[in-house]
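Below is one structure, written out as structure tokens; comments come after it.
The numbers here are math on the coordinates, done by the rules we state, and not lab data. Source: prediction; values computed, not measured. Note that each Cβ is placed from the backbone with ideal geometry, even for glycine, and that neighbours are counted across all protein chains shown.
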Amino acid sequence: MSTGLIIALIVIVAVVVAVAAVLTLRARGPRHGASLKRRFGPEYERAVARHDGDTKAAERELSERVERHGSLQVRPLEPAERERYEARWTAAQERFVDAPREAVAEADRLIAELAGTRGFPAGGQYEEQVAALSVHHAHHVEGYRRVHRVAQAHPDGAHDGAAGTEEMREAMVEARALFEELVRPSRHDGGHRGVASARTAAPATRRDGHRTPSLLHRRQAKES
């Protein structure tokens, strides 16, 4: 076989391989995107919006999150730990009655600490912790982001008007969903929820007649 024919065959094989690779990537692309969309739900849409509608960039970001944190082993809580966290959350909700800003700051700290205890990156690595939480709790991680933003928005202790209080109330309500996900025993924990869990949604009334986040949230759900 002549050298020219060998070179021609090599070129043909290389072209065929390249075309096959392109077709394979195209075939996998939509399925890969659909898989990420199913896994991340609202977090997928937030990533796309953050990348100005560039779905490929958003999917690369989400894929990198899965690669970094998908194999994370969540540590189960001991029953005593669970009760302590639940009691602290209940106390934060009750504190909202007279000190909403301090209650929101405590909720922010509490979720960060709880996530770290369960094996997610420590709270001092906020962005990395949120990224890891988004892989395992995609439908509720935005509540943590929101309560963190609100907690960081008032560092000087400035007076909050009615709108500020309402924003903090909504942040507490939304963040509670992630807290309950993190504190709830998994199938592998073998534990039972403590008595404190019944208090995480306990009603309380402010001196001025306004209800704490949990009660107002429950009342709105009932009326709807």
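The modelled label-to-label distance for the pair Val13/Arg149, using points 7 Å beyond Cα in the direction of Cβ, is 5.6 nm. Evaluating 6.51 cos²θ - 1.76 cosθ + 1.60 at θ = phi - 60° for every residue in the stretch 176-182, the Karplus couplings come out as 4, 4, 5, 4, 5, 5, 6 Hz, glycine and proline recorded as x. The phi-based Karplus calculation (6.51 cos²θ - 1.76 cosθ + 1.60; θ = phi - 60°) puts the 3J(HN,Hα) values of the stretch 79-90 at x, 5, 4, 4, 5, 5, 5, 5, 5, 5, 5, 4 Hz, whole numbers, x for Gly and Pro.
Counting only other residues whose beta carbon sits under 9 Å from that of Glu142, what net charge do I get with K and R as +1, D and E as -1?
Net of charged neighbours comes to +1.
In this structure, the amide hydrogen of Ala153, modeled 1.01 Å from its nitrogen in the peptide plane, lies closer than 5 angstrom to no residue at least 5 positions away or on a different chain.
The amide H of Arg75, built 1.01 Å from its N in the peptide plane, has Gly119 as neighbours under 5 Å, considering only residues 5 or more places off or on other chains. Backbone geometry of the stretch 63-72 corresponds, through the Karplus equation with coefficients 6.51, -1.76 and 1.60 at θ = phi - 60°, to 3J(HN,Hα) couplings of 4, 5, 4, 4, 5, 6, 10, x, 8, 4 Hz, x marking Gly and Pro. Relative to the globular-protein estimate of 2.2 N^0.38 Å, the Cα radius of gyration of the stretch 43-108 stands at 1.70. Simple rule: put +1 on each Lys or Arg Cβ and -1 on each Asp or Glu Cβ in the stretch 54-111, find the dipole, and look at Ala92, Ala103, Pro79; the Cα lying farthest toward the positive end is Pro79. With the simple model of a label 7 Å out from the Cα in the direction of the Cβ, Glu113 to His51 spans 3.7 nm.
If you wrap the tightest convex hull around every Cα atom of the stretch 26-138 and split its volume per residue, you get 119 Å³. Here the stretch 105-146 has an Rg and Dmax of 9.1, 24 Å, counting Cα atoms alone.
Summary of packing: across the peptides 89-102, 169-182, 39-52, the per-residue average of other C-beta atoms within 10 Å ranks them, highest first, as 169-182, 89-102, 39-52.
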